[in-house]
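Each remark here refers to the structure printed beneath this line.
The values are calculated or read from the model by the stated rules, or taken from the named source; none is laboratory data. Here the structure is a predicted model, which is why all the values come from computation and not from measurement. FYI the Cβ positions are ideal-geometry reconstructions off the backbone, even for glycines, and counts take in every protein chain you see. SASA here: full protein model, heavy atoms, side chains in, ligands and nucleic acids out. Shrake-Rupley method; radii C 1.70, N 1.55, O 1.52, S 1.80 Å.
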Amino acid sequence: MYDLVIKGGMVVTSASPFPADIGINGETIAAIGQNLDGRQVLDATGKLVTPGAVDMHVHLQMPIGQFTSTDTFYSGTRAAAFGGTTTIVDFVETQPDETMAEAIAARRALADPNVVIDYGLHMTIGPGDMARLDQVPEAFAAGCTSFKLYMAYGLRLRDDELLKALTAVRNVSGIPVVHAENWDVITELIRQNLAAGRTSPHWHPRSRPALLEAEATGRVIDIASFVGVPLHIFHVSCGETVARIAQARQQGLPVTGETCPQYLCLTWDAYDAPGVDGTLPVCSPPIRDRTAQTALWQALSRNDLQIVTTDHCPFTYEEKATGLNNYSQIPGGVPSIEMRFAALYSQGVRQGWLSLSQWVAQCCTNPAKLMGLAKKGEITVGYDADLVIFDPDATKTLTPETLHETAGWTPYAGLTLQGWPQTTLSRGKIVVQDGEFVGGMGNGRFLHRTQANL
Ligand code: URP
Ligand code: ZN
Ligand code: ZN
């Protein structure tokens, strides 16, 4: 007799789908089999039972310039849970006078009392951290085993700094995760556009060419290969970048890549919407054309990209509007934290791009492995009972009202998804059931992660 049994569902692992009951004791998956008995039973007849999804790229209450991304550790993790995500990995940056350990403690003080699901943190290494690379082992020991390196924005690293940062990460057996774009080309194209009066969001993707995203990706792959460290490429937006990653992997290099729902479900026409609406989908790298979108679905289908994350980083309509007359000033980022898992089922599995197991591998298993989350992302005895009962027949039309994010808008407004989570469990406890939140603030835990294993 188990504490809880999920009965009669189609269990989907990264290896295969098969009919089975799942027995849970306390926080842990205790059995996978037939005719299991439980003190509490959840009927999953006609449903898919998947691991809780893992979103290893989110920015909750992230200060960027004069603004802070809208979702807090509470609202963001709550929205994630509604969408079947049970683990997120967010970011921490040091302040000029702070050690990495102090920055982690400060970020945890914000997150720990508020998260409703488990979470980890990537340690950011910016130019100001070059003098404290000796603290990288301390950050690793504190559970931040992945390190964010930017090749764009104010936090970007030059190639010599990339070399030093990648070496420091290699020395602790950490995993670097990189925003790869060519910042010098971008800033010059922005300068030329603004000087010519081309100030609307239409020019945002045209200032950030796909070819130069691929160039930056190839450059950091080469530096990482020289250093001898594995590498993960964040938010891949085009086939040109996929090609660099696929080529590296064919050569046997330990390089992985992710894409996000905004690149899979939207096209750059969104930037031509009138007025402020055209500013809303601004994110970097930018959303591109239909050819790029198709290339990304093909890449997921071929496993040339291994992971889907969200890069969830929304700002309000008013905040986005501040860049209406200068697209380079629009705070970048869109909300996707709630819709990712269902979107990949609806637009990926149902449209024939992905098998059920690829869906689970890319949204759950692979990110858990890459992030060193030893007990997450798979349905296996001994793993955390982070589980989703997913109704493949439910339909959901995405609007700000049907989602639980706080930006007040969604770039997917009007998109109807086929399939939606019915029940989300985090470590054996129901967090969301039939559209009701039954979890608790602070019930999530900070995850001390280990070495990447993908
Ligand atoms: O525009 C974006 N993607 N904002 C979030 C920060 C980042 O670059 O990942
Ligand atoms: Zn980025
Ligand atoms: Zn990001």
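Here are the numbers for this structure:
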item	result
Crossing angle, helix 239-250 versus the chain [Cα axis fit, 0-90 degrees, rounded to tens]	70 degrees
Average accessible area per residue (Å²) across the chain - probe 1.4 Å, nucleic acids and ligands excluded	35 Å²
Among MET123, LEU211, VAL178 the positive-end extreme of the charge dipole of segment 53-370 (Cβ point charges)	LEU211
Length-normalised contact order of segment 53-370 in % [C-alpha pairs under 8 Å, at least 6 apart]	19 percent
In Hz, Karplus ³J(HN,Hα) per residue of segment 25-33 (6.51, -1.76, 1.60; θ = phi - 60°; x = Gly, Pro)	10, x, 9, 10, 6, 9, 7, 10, x
Only Lys, Arg (+1) and Asp, Glu (-1) charged, at Cβ; the chain dipole about Cα centre in debye	660 debye
Residue-count net charge about ARG350 - beta-carbon cut-off 14 Å; Lys, Arg +1, Asp, Glu -1	-1
Mean Cα-pair separation over length for segment 1-96, i.e. relative contact order, pairs under 8 Å, 6 or more apart, %	25 percent
Counting DSSP beta bridges with both ends in the chain, the antiparallel % (nearest 5)	50 percent
Interchain or long-range residues, amide H under 5 Å from PHE91's placed H	LEU60, HIS122
Area of LYS429 that stays accessible when all protein chains are in place (1.4 Å probe, Å², to 10)	140 Å²
Spin-label model distance (nm) - ILE64 vs GLU401, 7 Å beyond Cα toward Cβ	2.9 nm
Length gained when the stretch ASP272-GLU102 is fully extended (0.36 nm per residue, less Cα-Cα span)	56.9 nm
Cα gyration tensor, segment 133-226 - rounded (a/c under 1.5), prolate or oblate	prolate
Karplus-derived HN-Hα couplings along segment 35-42 (A = 6.51, B = -1.76, C = 1.60, θ = phi - 60°), whole Hz, x at Gly and Pro	6, 7, 10, x, 5, 10, 10, 10
Using θ = phi - 60° and Karplus 6.51 cos²θ - 1.76 cosθ + 1.60, couplings along segment 302-312 (whole Hz; Gly, Pro as x)	8, 6, 6, 10, 10, 9, 10, 10, 10, 6, 4
Interchain or long-range residues, amide H under 5 Å from GLN422's placed H	ILE389, PHE390, ASP391
Cα-based helix-to-principal-axis angle, 290-301 vs the chain, degrees rounded to 10	40 degrees
Inter-label distance for TYR153 and GLN95, nm, one decimal - labels placed 7 Å from Cα along Cα-to-Cβ	1.9 nm
Reciprocal mean inverse distance between Cα atoms of segment 53-370 - Kirkwood radius, Å	19.6 Å
Long-range HN-HN contacts of LEU4 with modeled amide H, under 5 Å	ILE24, ARG39, GLN40
Inter-part distance where segment 420-454 and segment 285-300 are each reduced to a Cα centre, Å	30 Å
Percentage, to the nearest whole number, of Cα pairs in segment 405-445 over 11 Å apart	73 percent
Within segment 92-136: backbone nitrogen closer than 14 Å to the ASP160 label point (7 Å, Cα to C-beta)	130-131
Potential extension, ASP37-LEU110 segment - 0.36 nm per residue separation minus Cα distance	22.3 nm
Expected-Rg normalisation [2.2 N^0.38 Å, Cα atoms] applied to segment 148-203	1.50
